[in-house]
1. Quick one: how many residues across the range 174-220 are surrounded by 14 or more Cβ atoms within 10 Å (Cβ to Cβ) and of a type in the set (Asp, Glu)?
2. Of all the residues that make up the range 195-226, how many are out of contact with any helix residue (DSSP H, G or I) (no Cβ under 6 Å at 6 or more places or on another chain) and assigned to a strand (DSSP E or B)?
3. Say whether the condition of being among the charged types (D, E, K, R) and within 22 Å of the chain's Cα centre (by Cα) is met by at least one residue in the range 180-191.
4. Exactly one condition in (1) at pLDDT below 90; (2) exposed (fewer than 11 other Cβ atoms within 10 Å of the Cβ); (3) more than 26 Å from TYR260 (Cα to Cα) is not met by TYR163; state its number.
5. Tell me, yes or no, whether the range 238-251 has at least one residue that is farther than 20 Å from ASN285 by Cβ, in contact with a strand residue (DSSP E or B) (Cβ under 9 Å, 6 or more places away or on another chain), part of a strand (DSSP E or B) and outside the structural domain of GLU136 (by TED's automatic domain parsing).
Amino acid sequence: MEWWQGTPGYIAYTAKYAGRKKIRWNSDLRGTEVWKCFPQSGDRLGSAIGTPRVMCIMCRKVLAHPSGTGTSSMHNHNRFSDCLKSRKINRYDGRAGSPLGIDVLTLLQKGTKTGNRRRIIDLATPAGFNQHHFEEYFLKALLATNLAFNCSHNFALRGVFKYIRPGVEIPSPTTLTRHLKRLPKSTVDDIRTCLPGAGKISLAADRWTLPNKLAFLAIVAYWISDSWQMEEVLIGFKEIRGSHTGANMAGIINYVLARYGIQDRILSFTTDSASNNRTLTEALNLAWSLLLVEWCQLENHIPCMAHVVQLILGAFISSIKVKSRDGHMPSGFKASYIEKVM
């Protein structure tokens, strides 16, 4: 309160309302339940420092403080599509009237969700401590967080593990490199055990090129389990060396499938509509026919529908010369724009 009274925002607020309005910064003293989801704050930077604000805890949107207008703006925000979408993404099912403690706890427990990918909340670890297992977990943590192996020499990071277990040995970069060289084989063994022992398996593949001109091909296997659930696993992530021809990529895919011994169990193969994917399926059809595997590229190759829709929309938007404003695409089109492409 003392900080706020010395800011331009306080001066502007008192001049505007001339003592008729007074902000109660303790939200617990407010009667309307919507305040439980809108902590109060003030601008701390810029020329408007001290300007009162409120922030939605469900979508992190900052709004003007409703002290002079009432709480209708906060109620309307909770019904706004962006806030509802954010709640759905965060798997937040509460309403504005629920208690603050439950809201925060729910947000922490639910975490986030991206698309249809399940977010791992916790990891089951073996009972007891094992130095070898710890070094493997340590390696995977560095890889997952994109940290350099030299971070194992960082005093603050080492201090965390030493505090938890004083006798633990933090692996050196050399030890981590040795574990990394063994990791691909153990990963392939783990994937091989999760693949179904019988039945057909479908594939999906996509390639892309990084800004540094390195190209990669990702291969995903998916199938229907005995309990009628769709399962999927990444079975290949290989660098494309040389030209990006269909024959070259077919060689990579054949190598990956042979590694898991599933060349004769492929049902369908999904790719985007790039021209080299047609030659890719032709090369696969030829290679598998030599292995006496029955597979027809015309019947079993599935072009990705999402990619087709993207190409159609891209051509449509380009033809009517739609331009974004402030990074946001307009929500509607003029009738004259539609007439140009009809």
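1. The total comes to 1.
2. Total satisfying the criteria: 16.
3. Within the range 180-191, not a single residue is among the charged types (D, E, K, R) and within 22 Å of the chain's Cα centre (by Cα).
4. Single failed check for TYR163: (1).
5. yes
The values are calculated or read from the model by the stated rules, or taken from the named source; none is laboratory data. This is a predicted model, so every value here is computed, not measured. When we count neighbours, we look across all protein chains shown, and the Cβ atoms used for this are built from the backbone with ideal geometry, even at glycine.
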